[in-house]
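Take a look at the structure below.
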Amino acid sequence: MSVIDISDQEFAQFQRFIYEAAGISLSPGKKALVSGRLARRLDRYQLGSYAEYFRLLTSGKAPAEVQTAVDLLTTNETYFFREPKHFDLLREQASAARRRAQPFRVWSAASSTGEEAYSMAMVLADCLGDGPWEVIGTDISARVLARAHAGHYPMERTKNIPQAYLQRFCLKGLDHQQGTLLVERSLRNRVQFMQVNLNAPLPQLGAFDIIFLRNVMIYFNGDTKRQVVARVLSLLKPGGHFCIGHSENLHDITDAVRPVAPSIYRKP
Ligand SMILES: C[S@@+](CC[C@H](N)C(=O)[O-])C[C@H]1O[C@@H](n2cnc3c(N)ncnc32)[C@H](O)[C@@H]1O
């Protein structure tokens, strides 16, 4: 693959592209990341510059390529049981809701490849069994959602899953699947994944008891954060909990929720 330089002007075009598509603000330091991630697309179409690839994206002639570029420009790092305090809260709240008639509903609002949503589902299956509960995972990237649906992961990414849950909810790959883990079908069937852009009006998802919006706000500027958080919190039930990433904060972003612990908020 030949190495093609990206100019400042071309980088600015992609900054605008991903801001308009996903609300993601790329700092000038991300120039190498953009050229590195998009290089194989130039190669794929035999294009000689990033400006030509940008023209392809904005020509209206390659709608699927727009999704591919969004997929490549999003950062999807995640793992099972990330930030364990949030899963302790989930367990507490689900246990308190045990005898309730309505379903206990939780949302992984930037689910990436699904580890967060399946971690939630393991806790709810453990606390609420066959009772009424729902987990919804959403993301803007079609590529990560396909992996979330499959629920099939390299073993090294699953080390935070508690031993009892590994035995109960996961299948270890054998033969050519060795070194991988598959989330068991009955658990997979209880988690619904769908494509949702948090930076646009939301579809009808219903109201939630707990929402995780973790490690995605870091990519947004202040205005985008305010709009996304307002949209997401409109779907949180009164008394419901909202969890954000440990490196994120809600200063000057919203007063619709009150802090109850670091990175955990509650709607009055
Ligand atoms: C770093 S991952 C976080 C995954 C998980 N929440 C966690 O904390 O481990 C960020 C995810 O946000 C998604 N994302 C970025 N912008 C988005 C948007 N506007 N709407 C929905 N998802 C978005 C990316 O595709 C990516 O999968």
> Of 77, 52, 116, which is the most mobile in a GNM of the chain whose springs link Cα atoms less than 10 angstrom apart?
Replying inline: 77
> Based on Cα positions only, what radius of gyration and what Dmax would you give for the chain, in angstroms?
Replying inline: 19.9, 63
> What value, in deg cm²/dmol to 500, does the helix sum -39500 (n - 2.57) over DSSP H runs of n ≥ 4 give at 222 nm once divided by the residues of the chain?
Replying inline: -12000 deg cm²/dmol
> Given charges of +1 on the Cβ of Lys and Arg and -1 on the Cβ of Asp and Glu, with all other atoms neutral, how large is the dipole of the chain about its Cα centre, in debye to the nearest 20?
Replying inline: 560 debye
> Where does segment 21-123 land on Rg(C-alpha)/(2.2 N^0.38 Å)?
Replying inline: 1.56
>> Of all beta bridges DSSP finds with both residues in the chain, what is the antiparallel percent, to the nearest 5?
In response: 40 percent
> How do 41-49, 259-267 rank on mean C-beta neighbours within 10 Å, highest first?
Replying inline: 259-267, 41-49
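Below 13 angstrom from the Cβ of residue 242, what's the summed charge of the other residues (Lys, Arg +1; Asp, Glu -1)?
On the way: positive: 214, 231, 237, 258, 266, 267; negative: 209, 248, 255.
With Lys, Arg at +1 and Asp, Glu at -1, the neighbours total +3.
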> So how do 34-40, 137-143 stack up, highest first, on mean other-Cβ count within 10 Å?
Replying inline: 137-143, 34-40
>> For segment 8-78, report the % of Cα-Cα distances exceeding 20 Å.
In response: 20 percent
> What is the dipole size for segment 1-90, taken about its Cα centre, with +1 at each Lys and Arg Cβ and -1 at each Asp and Glu Cβ, in debye to the nearest 20?
Replying inline: 100 debye
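Defining a contact as two alpha carbons under 8 Å apart and six or more residues distant in sequence, what relative contact order in percent does segment 1-114 show?
23 percent
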> Separation of segment 81-116 and segment 187-224 by C-alpha centroid, Å?
Replying inline: 14 Å
>> Quick check: at a probe of 1.4 Å, how many percent of the accessible area of the chain sits on carbon and sulfur atoms?
In response: 51 percent
>> If you count only protein heavy atoms with a 1.4 Å probe, what accessible area per residue comes out for segment 143-268, rounded to a whole Å²?
In response: 54 Å²
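For residue 20 and residue 126, FRET efficiency with R0 = 35 Å and r from the beta-carbon atoms, rounded to 0.05?
The calculated FRET efficiency here is 0.25.
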> Label points 7 Å out from Cα along the Cβ direction at residue 227 and residue 194: separation in nm?
Replying inline: 2.1 nm
> Label residue 91 and residue 171 with points 7 Å out from Cα along Cα→Cβ: what is the distance between them in nm?
Replying inline: 2.7 nm
>> Considering just Cα atoms, how many Å³ per residue does the convex hull of segment 157-263 enclose?
In response: 161 Å³
> Where a Cα-Cα gap under 16 Å defines reach, which lysines qualify for residue 172, not counting those fewer than 8 residues away within the same chain?
Replying inline: 159
> So, by mean Cβ neighbours within 10 angstrom, what's the order for 222-231, 10-19 with the highest one leading?
Replying inline: 10-19, 222-231
> If the cut-off is a Cα-Cα distance under 16 Å, which aspartates and glutamates reach residue 237, setting aside same-chain residues fewer than 8 apart in sequence?
Replying inline: 134, 209, 255
> With charges set only on the Cβ (+1 for Lys and Arg, -1 for Asp and Glu), what does the dipole of segment 106-197 come to about its Cα centre, in debye to the nearest 20?
Replying inline: 180 debye
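List the relative contact order of the chain as a percent without decimals, with contacts defined as Cα pairs under 8 Å and 6+ residues apart. Intermediate values should be presented prior to the final figure.
Values: 400 pairs, mean separation 44.5, N = 268.
The normalised contact order for the chain reaches 17 percent.
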>> If I fit a long axis through the Cα atoms of helix 63-73 and take the longest principal axis of the Cα atoms of the chain, what angle between them do I get, 0 to 90°, rounded to 10?
In response: 70 degrees
>> Positive end of the dipole of the chain, charges at C-beta (+1 Lys, Arg; -1 Asp, Glu), about the Cα centre: which of 253, 217, 117 has its Cα farthest in that direction?
In response: 117
> Going by alpha carbons, how many degrees (0 to 90, nearest 10) lie between the helix axis of 8-22 and the longest principal axis of the chain?
Replying inline: 30 degrees
>> Under 10 Å, Cα contacts only: if you run a Gaussian network model on the chain, which one of 78, 58, 158 comes out with the highest mean-square fluctuation?
In response: 58
> What residues from segment 210-244 fall in the zone where the backbone N is under 14 Å from a label point 7 Å along the Cα-to-C-beta line of residue 27?
Replying inline: 218-222
> What FRET efficiency would be calculated for the residue pair residue 44, residue 8, taking the C-beta separation as r and a Förster radius of 30 Å, to the nearest 0.05?
Replying inline: 0.80
> When ligands, DNA and RNA are left out and all protein chains stay put, how many square angstrom of accessible area per residue does segment 1-49 have with a 1.4 Å probe?
Replying inline: 59 Å²
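The values are calculated or read from the model by the stated rules, or taken from the named source; none is laboratory data. Keep in mind that this is a model prediction, so the values were computed, not measured. Cβ: placed from backbone, ideal geometry, glycine included. Neighbour counts: every protein chain shown. Remember, those area values only see protein heavy atoms, side chains included, never the ligands or the DNA or RNA. Shrake-Rupley method; radii C 1.70, N 1.55, O 1.52, S 1.80 Å.
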